[in-house]
Amino acid sequence: MGGRNPVTWLGSPAFPKAAHEALADTQLRRNLRKATTTIRTKRAGVVAELDDWERLRRAGEAIKDDVLANLDTYLVRLEEAVTARGGVVHWARDAEEANRIVLDLVRTEGADEVVKVKSMATAEIGLNEALEAGGVHAVETDLAELIVQLGDDRPSHILVPAIHRNRAEIRDVFRRGMAEEPASDEPRDLAEAARRHLRRKFLSAKVAISGANFAVADTGSIVVVESEGNGRMCLTLPETLITVMGIEKLVPSWQDLEVFLQLLPRSSTAERMNPYTSVWSGVTPADGPRKFHLVLLDNGRTATLADQVGRQALRCIRCSACLNVCPVYERTGGQAYGSVYPGPIGAILAPQLAGDLHDEQAASLPYASSLCGACYEVCPVRINIPEVLTHLRAEAVQAKGKRTPEALAMAAAAWVFADPKRYEAAQKAGSLSQLLARDGRIKRLPGPGAKWTDSRDAPAVPKESFRAWWRKNRVQRP
Amino acid sequence: MSSPRVALFATCLTDTLYPETGKAVVSLLERLGCDVDFPLAQTCCGQLHYNTGYQEHARSLARDYATVFDGYDYVVAPSGSCGGMVREIHPGLCGTSPAVERTYELSEFLVDVLGVTDVGAYFPHRVTYHPTCHSLRMLGVGDKPLSLLRAVKGLELVELPQAEQCCGFGGTFALKNAETSTAMLADKMRCVQDTSAQVLSAGDNSCLMHIGGGLSRLRTGVRTVHLAEILASTEEEPWAAATR
């Protein structure tokens, strides 16, 4: 153990400050609005096609809850099945342990370069950086991940990590990072440049590293879904395949996949069916990799599982539907969340995996929401994100203690609300705000209220509250 | 049938800042034959505390709510947000109670309990409607407010583009993440102005305070009027613009 959990990026500012930067980025704002509006309209369309969508969501929720409640049983079953089919299973408590296991495996194969399928789990543990430090270069082969990697950038979306980039920027990134530069910034030319660049990597790599969308406990089968086919190249061409998977990615049986392979594509890319679905079970002689290693990663998941309210975040299948409907995400983009998991799901998952709400950045994430509930409405596994957000806010408040200005103000407000007489006296005192008002409106409030009046007028407290009116007009005196 | 005994849960925001809305609910419900009371022991549902992370304070206010509103046939709130807090969150804080189970948001009470959509209102203005997040997603009031507005004589209802997007209020979110909140507000105001409506209505004074605060800062001239005030307005006693 020891060391910082890299799920949140070192040095990232708290959300409000990061959002301040992002809100001023006009290219980002434009890209995000266009992309999220398009994808959420398409998603609504394909979801509406299924008359059993709500039942599918409930089935997805139930399967995942069963997995979480019986994780110990299913994980052992998975290990047995993978081992029986010629794979090797490794257990990693945290990022450091997982990175060490992977680096040792790569070194054993004598490789100094590996190809990678897009994977949230390996981004979560900072695997690329750890490999680099150990003298191994990891090549991202998902097109958007490649753009992020060559641009020395950070991802801003779970599914479309380079959503913040336009094509002119992508051409510049490719010019600097590829042997052959793209002919133009036309999407076709950009794709062609990436194809040539990656093809050489696929054919020369001895080791590939992937994540997993699902793992079937009964059969030891691992499932990766992707859109480009680059993932399948990684999964089939190299001699050795190493898969890093969060322990919550399990489903009990093959049959359960039916539910998730409907929920996931419709929720994420708004497709009826996923373009490339790769499934493998251990190793198969003369077909695909000859060696298969599965690294099962905890990294804060067991601790998250212990939280009765927060554990539902572990149902997540990384579809990113919640990002695409979130009004906060749409304006700030993903990097403002300072973690590989952005948006509403990131706001509840990252602080839990990091496990430290004393950290200012992690503690700011549960507040990065207006609690509008759009995320919960679309979540394919019914994670009640607003519920977890308020739960984590309570933990953040506990971590800060009772002496902060906010805690004192909240205690004072509670004291006032606890007694109607005090409350009425406060209303009367509040009506002094009329002194600040013109036409009943206040243009500038003192103290923390200035955060409101910087962009909105505030109403003055009227001289007569509703209860004062009621008392005067409706309460019958004997 | 004797008239139902209805307790008005005004909410602390309306009680303190928007008394006209409270008066409108009283006049509307009495016009529809209800026996309305306002229990003076009421204060706040605890949402401010709950949503900011102060659950113990919220729990204590939730307990008070169950006591104060016990014994009525119905409790009616002119707010989807506070109604949602009571119905969806209070049971988790301190168990359910008759008061919680009999709590309705205004449009729900009118359409589901009283069974009316035409409440005999008159409001000769061009109006657009913002369906507030908690009405929509916590309580699921659906198009009940719109069906009430469609039946109002003289009212021209115009559809609000991207109506279901949050206005950016979110309680203390508006202060803690003021800039993001303002970016959301700016887009909401653009949609409101695109309708050329004279009046923006909603079922929550909190959201109206936020959008209205922005609309007034920019001198758009668009007024914000709570749904209850539109429904209370009649040809005999038409709504009179109070400053908001």
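The values are calculated or read from the model by the stated rules, or taken from the named source; none is laboratory data. Keep in mind the model is a prediction, meaning the values are calculated, not measured. Neighbour counts are summed over all protein chains in view; Cβ atoms, including those assigned to glycine, are modelled from backbone coordinates with ideal geometry.
Here is a list: B:Leu155, B:Leu146, B:Leu139. Which entry is in contact (Cβ under 8 Å) with a residue 60 or more places away in the chain and within 22 Å of B:Gly22 (Cα to Cα)?
Only one candidate passes the filter, namely B:Leu155.
Which condition does A:Ile158 not pass, out of (1) at pLDDT 95 or above; (2) crowded, with 22+ Cβ neighbours inside 10 Å; (3) closer than 20 Å to A:Val251 by Cβ; (4) among the β-branched types (Val, Ile, Thr), if it passes all the others?
For A:Ile158, the failing item is (1).
Would you tally the residues in the stretch B:41-74 being facing chain A (nearest Cβ under 8 Å) and surrounded by fewer than 16 Cβ atoms within 10 Å (Cβ to Cβ)?
Residues that pass the stated criteria total 1.
Hey, could you check the stretch A:435-450 for residues that are surrounded by fewer than 19 Cβ atoms within 10 Å (Cβ to Cβ) and not in a loop (DSSP other than H, G, I, E, B) and say which is farthest from the other protein chains (Cβ to nearest Cβ)?
If we take residues in the stretch A:435-450 being surrounded by fewer than 19 Cβ atoms within 10 Å (Cβ to Cβ) and not in a loop (DSSP other than H, G, I, E, B), then A:Leu435 is farthest from the other protein chains (Cβ to nearest Cβ).
Taking the stretch A:7-59 as the region of interest, how many residues are under 30 Å from A:Leu357 (Cα atoms), among the acidic types (Asp, Glu) and not in a helix (DSSP H, G or I)?
So the count comes out to 1.
With A:Ala407, A:Ala426, A:Ala394, A:Ala399 as the choices, which residue is hydrophobic (A, V, I, L, M, F, W, C) and in contact with a Lys or Arg (Cβ under 8 Å, 6 or more places away or on another chain)?
Being hydrophobic (A, V, I, L, M, F, W, C) and in contact with a Lys or Arg (Cβ under 8 Å, 6 or more places away or on another chain) holds for just one of A:Ala407, A:Ala426, A:Ala394, A:Ala399, which is A:Ala407.
Does any residue in the stretch A:80-103 that is assigned by TED's automatic domain parsing to the domain that holds A:Gly134 and within 20 Å of A:Trp9 (Cα to Cα) come within less than 9 Å, Cβ to Cβ, of a residue that is modelled with pLDDT under 95 and of a type in the set (Lys, Arg) six or more places away or on a different chain, and which pairs are these?
Listed pairs, sorted by first residue: A:Ala95/A:Arg4.
Return yes or no: is A:Pro420 within 8 Å of chain B (Cβ to nearest Cβ) and surrounded by fewer than 16 Cβ atoms within 10 Å (Cβ to Cβ)?
Against the criterion (within 8 Å of chain B (Cβ to nearest Cβ) and surrounded by fewer than 16 Cβ atoms within 10 Å (Cβ to Cβ)), A:Pro420 does not qualify.
Restricting attention to the stretch B:82-122, report how many residues are buried (at least 16 other Cβ atoms within 10 Å of the Cβ) and farther than 21 Å from B:Leu227 by Cβ.
Within the stretch B:82-122, residues that are buried (at least 16 other Cβ atoms within 10 Å of the Cβ) and farther than 21 Å from B:Leu227 by Cβ number 7.
Check off (1) facing another protein chain (nearest Cβ under 9 Å); (2) farther than 28 Å from B:Ser60 by Cα for A:Leu432 and give me the number that stays unchecked.
The failed condition is (1).
Conditions tested, residue by residue: (1) outside the structural domain of B:Thr132 (by TED's automatic domain parsing); (2) within 19 Å of the chain's Cα centre (by Cα); (3) among the hydroxyl-bearing types (Ser, Thr, Tyr); (4) more than 16 Å from B:Asn51 (Cα to Cα).
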position	(1), (2), (3), (4)
B:Leu146	no, yes, no, yes
B:Val152	no, yes, no, yes
B:Glu156	no, no, no, yes
B:Leu160	no, yes, no, yes
B:Glu164	no, yes, no, yes
B:Cys167	no, yes, no, yes
B:Gly171	no, yes, no, no
B:Ala174	no, yes, no, no
B:Thr182	no, no, yes, yes
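Checking the condition touching a residue at least 60 places away in the same chain (Cβ under 8 Å), facing chain B (nearest Cβ under 10 Å) and either of a type in the set (A, V, I, L, M, F, W, C) or surrounded by fewer than 24 Cβ atoms within 10 Å (Cβ to Cβ) (or both), which residue from A:Glu406, A:Glu387, A:Glu395 passes?
Residue meeting the stated conditions: A:Glu387.
Search the stretch A:456-470 for residues being of a type outside the set (A, V, I, L, M, F, W, C) and either assigned to a loop (DSSP other than H, G, I, E, B) or in contact (Cβ under 8 Å) with a residue 24 or more places away in the chain (or both), and hand back the single one that is surrounded by the most Cβ atoms within 10 Å (Cβ to Cβ).
Among those that are of a type outside the set (A, V, I, L, M, F, W, C) and either assigned to a loop (DSSP other than H, G, I, E, B) or in contact (Cβ under 8 Å) with a residue 24 or more places away in the chain (or both), it is A:Arg456.
Of these, A:Leu389, A:Leu432, which one is under 32 Å from the mean Cα position of the chain (by Cα) and outside the structural domain of A:Gln262 (by TED's automatic domain parsing)?
After applying the criteria, what remains is A:Leu389.
Residues to consider are A:Leu250, A:Leu237; find the one that is surrounded by 20 or more Cβ atoms within 10 Å (Cβ to Cβ) and either under 15 Å from A:Leu78 (Cα atoms) or assigned by TED's automatic domain parsing to the domain that holds A:Val102 (or both).
Of A:Leu250, A:Leu237, the one residue that is surrounded by 20 or more Cβ atoms within 10 Å (Cβ to Cβ) and either under 15 Å from A:Leu78 (Cα atoms) or assigned by TED's automatic domain parsing to the domain that holds A:Val102 (or both) is A:Leu250.
Taking the stated definitions as given, is B:Leu106 at the interface with chain A (Cβ under 10 Å from one of its Cβ atoms) and touching a residue at least 60 places away in the same chain (Cβ under 8 Å)?
No.
Please pick out the residue among B:Ala178, B:Ala174, B:Ala202 that is surrounded by fewer than 24 Cβ atoms within 10 Å (Cβ to Cβ), among the hydrophobic types (A, V, I, L, M, F, W, C) and touching a helix residue (DSSP H, G or I) at 6+ places or on another chain (Cβ under 7 Å).
Only one candidate qualifies: B:Ala178.
Looking at the stretch B:152-191, which of the residues that are within 14 Å of chain A (Cβ to nearest Cβ) and among the β-branched types (Val, Ile, Thr) is nearest to A:Thr453 (Cα to Cα)?
Going through the qualifying residues, I end up with B:Thr182.
Out of A:Thr26, A:Thr41, A:Thr36, A:Thr8, I need the residue that is crowded, with 18+ Cβ neighbours inside 10 Å, in the same structural domain as A:Glu124 (by TED's automatic domain parsing) and of a type in the set (S, T, N, Q). Which one?
Of A:Thr26, A:Thr41, A:Thr36, A:Thr8, the one residue that is crowded, with 18+ Cβ neighbours inside 10 Å, in the same structural domain as A:Glu124 (by TED's automatic domain parsing) and of a type in the set (S, T, N, Q) is A:Thr36.
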